[in-house]
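Okay, structure first, notes after.
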Amino acid sequence: MASDDLKGRDLIVTQEWSKEDLLKVLELAVKMKANRFGYTHVLKDRTFFMFFYNPSVRTRQSFECAATELGGHAQFLEPKSMRLKTKTTAGETVEDAARVMSRYACGLGIRILEDKVTKYGEGDELIREYARWADIPVVSMAHDKFHPCQGLADVMGWIEWLGPKGKFEPEVLKGKKLLVVWGHGALARSWCSVQEAILIGSRFGMNVTVAAPEGYDLDPDVLAAARKNCESQGASLEVTHSQMEAYRGAHIVYSRNWMSPDAYRDGEFHKQEEIEKAMKHTDWICDASKMALTDNAIFTHPMPIDRGHEVTDEVASGPRSSIYDVAENRLHVQKAVMALTMGNL
Ligand code: CP
C-alpha cells in the first residue's frame with residue numbers, strides 16, 4: 001500500500017514528527033523485521049548519500065545494509081573527499097553541494113558531532129542548512145543535539161522487551177520508569193543519544209528520570225520540551241544528582257557518558273579536559289548492585305559501550321541487556337524511515 005504523507009520529510013529529531021508518524025515508522029519497521037528481504041523494490045536502483053564527519057560502526061553499516069535490502073545503494077562521503085567551504089577555508093557552499101546532491105540521490109544522511117563542531121548546536125545548524133537547500137529528505141545520522149534513528153530503535157527495542165512476546169504494543173511504555181543515568185568514561189560523548197531518548201521516551205508516556213553528577217546538565221530547552229511531553233501524557237520528568245535513589249523502581253536503565261556544558265569553550269572542544277574530569281567520578285557506573293534496586297529493569301545503551309566505565313560487563317552482557325536487539329533495530333527503523341520518506345512502498 002502506498003504511503004505518501006511522509007514523502008520528502010526530513011528527520012532531524014523525532015520531536016518534530018507527530019506521534020502518529022513515529023508509530024507509522026515503528027509499525028513498518030516491525031513488518032520489515034518479520035519479512036526482512038521482502039522490500040527490495042522500495043529503493044530499487046536509487047542511491048542514498050551518507051555524509052560522515054565522525055566515525056561509526058552501527059550507523060554506517062546499518063544504513064548500507066538498509067539501502068541494499070531496499071534494492072538500492074548507500075554511498076559513503078566524508079568531508080576530506082569534497083572541497084566544502086568552512087570557517088577557515090574557501091570552497092563550495094552548502095547550498096551548491098545540497099542542490100547538486102539532490103540531482104543524484106534519493107536522500108542524504110549526515111553525522112556531525114563531538115570534535116567536529118566548535119560549539120554546541122553547530123552540527124544542528126549545518127544539518128538544517130543542508131535540509132534548507134536539498135530537494136531530497138535529509139536524515140540526521142547523529143549530530144551534536146539529536147540522534148533520531150537511535151531514538152526510534154531504542155523505543156522499538158524497549159517495546160519488544162517489555163511487551164507481550166510476538167506482539168508489538170507501544171502502550172506498554174506508558175507509565176514505565178526510564179532512568180537515563182550518566183556514566184563515567186573516556187569518550188566525552190555528545191548529548192545526541194540521551195537527549196533523543198529523553199524526548200522520545202516522554203512522547204510514549206514514560207516517567208523519565210535523568211541522573212548525573214553536578215555539572216553535567218543537558219540542554220535546558222530539550223528538558224523543557226521533554227517535560228511538556230510528559231505533562232501531556234500524565235507522566236513526569238525528574239532531574240537529580242542522587243543516582244542510588246534514581247535507580248529505585250526503574251524499568252529501563254540507560255547508562256551513558258556525556259560531556260559537560262563546559263566542553264565547548266572559546267571556539268574549541270576541550271576533549272582531554274572533559275575526559276580527565278569525567279574519570280574522577282568512578283562511582284558513576286551501572287553495576288549489578290544498582291540494577292538490584294530497580295523493578296527488574298532492562299539495560300539499554302545505544303553503543304559503542306565504554307565497558308568498565310559506563311557499565312560493568314556483567315550488566316552489559318547480562319540476561320536483561322537489550323543492547324544487541326536495539327542495535328539490530330537500527331536497521332529496521334532506518335529501512336522504514338527511508339521507505340516512507342524517499343521510497344516506493
Ligand atoms: N549508536 C550509534 O550511532 O553507533 P555508531 O556511532 O557506531 O554509529
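Just so you know, all these numbers are worked out from the coordinates, no wet-lab data involved. For clarity, every value in this text was computed on a predicted model and none was experimentally measured. Backbone-built Cβ (ideal geometry, glycine too); neighbour counts: all protein chains shown.
The order of 9, 203, going from fewest to most other C-beta atoms within 10 Å of their C-beta, is 9, 203.
The lysines within cross-link reach of residue 167, meaning a Cα-to-Cα straight distance under 19 Å and a gap of 8 or more places when in the same chain, are 24, 31, 33, 176. For residue 143, the amide hydrogen comes within under 5 Å of the amide hydrogens of 112, counting only partners 5 or more places away or on other chains and with H modelled in the peptide plane.
Of all aspartates and glutamates in the structure, not one lies under 12 Å Cα to Cα from residue 165 without also being fewer than 8 positions from it along the same chain. Among the GluC sites (Glu not before Pro) within the stretch 24-82, not one is in coil by DSSP while having at most 15 neighbouring Cβ atoms inside 10 Å. Stretching residue 81 away from residue 19 to a fully extended chain increases their span by 18.5 nm, per 0.36 nm per residue minus the current alpha-carbon distance. In this structure, residue 93 and residue 118 have a Cβ-Cβ separation that, at R0 = 22 Å, corresponds to a calculated FRET efficiency of about 0.70. Under a point spin-label approximation (7 Å from Cα along Cα-to-Cβ), what is the residue 214-residue 272 distance to one decimal in nm? Spacing of the two 7 Å Cα→Cβ label points: 2.8 nm. Taking the DSSP beta bridges with both ends in the stretch 226-345, the antiparallel portion is around 25 percent.
Residues whose amide H lies under 5 Å from that of residue 218, counting only those 5 or more places away or on a different chain, are absent; hydrogens are built 1.01 Å from N in the peptide plane.
Remark: the stretch 151-322 carries a charge dipole of roughly 620 debye about the Cα centre, counting +1 on each Lys and Arg Cβ and -1 on each Asp and Glu Cβ.
Of the beta bridges in the chain, as assigned by DSSP with both residues counted there, near 5 percent are antiparallel.
Taking a sphere under 14 Å around the Cβ of residue 252 and counting the other residues whose Cβ falls inside, with K and R at +1 and D and E at -1, yields a net charge of +3. Sorted from longest to shortest, the spans of the Cα atoms of the chain along the three principal axes equal 54, 51, 36 Å. The fewest-to-most ranking of 102, 236, 289 by surrounding Cβ atoms within 10 Å reads 289, 236, 102.
Remark: 209, 312 ranked as 312, 209, counting other beta-carbon atoms within 10 Å and listing the fewest first. Here the chain is assigned +1 on the Cβ of each Lys and Arg and -1 on the Cβ of each Asp and Glu. Its dipole about the Cα centre then comes out at about 900 debye.
Show that you can apply the helix-only estimate: for the chain, add -39,500 (n - 2.57) for every DSSP H stretch of four or more residues, divide by all residues, and state [θ] at 222 nm to the nearest 500. The helix-only estimate for the chain comes to -11500 deg cm²/dmol at 222 nm. Measuring between their Cα centroids, the stretch 205-225 and the stretch 93-144 lie 26 Å from each other.
Across 120, 53, 104, mean-square fluctuation computed from a Gaussian network of the chain (C-alpha pairs under 10 Å connected) peaks at 104.
Taking a straight line from the alpha carbon of residue 271, these lysines sit under 28 Å away, with near neighbours fewer than eight places off in the same chain left out: 80, 85, 87, 116, 119, 145, 280. Within the stretch 151-322, antiparallel bridges make up roughly 10 percent of the DSSP beta bridges whose residues both belong there.
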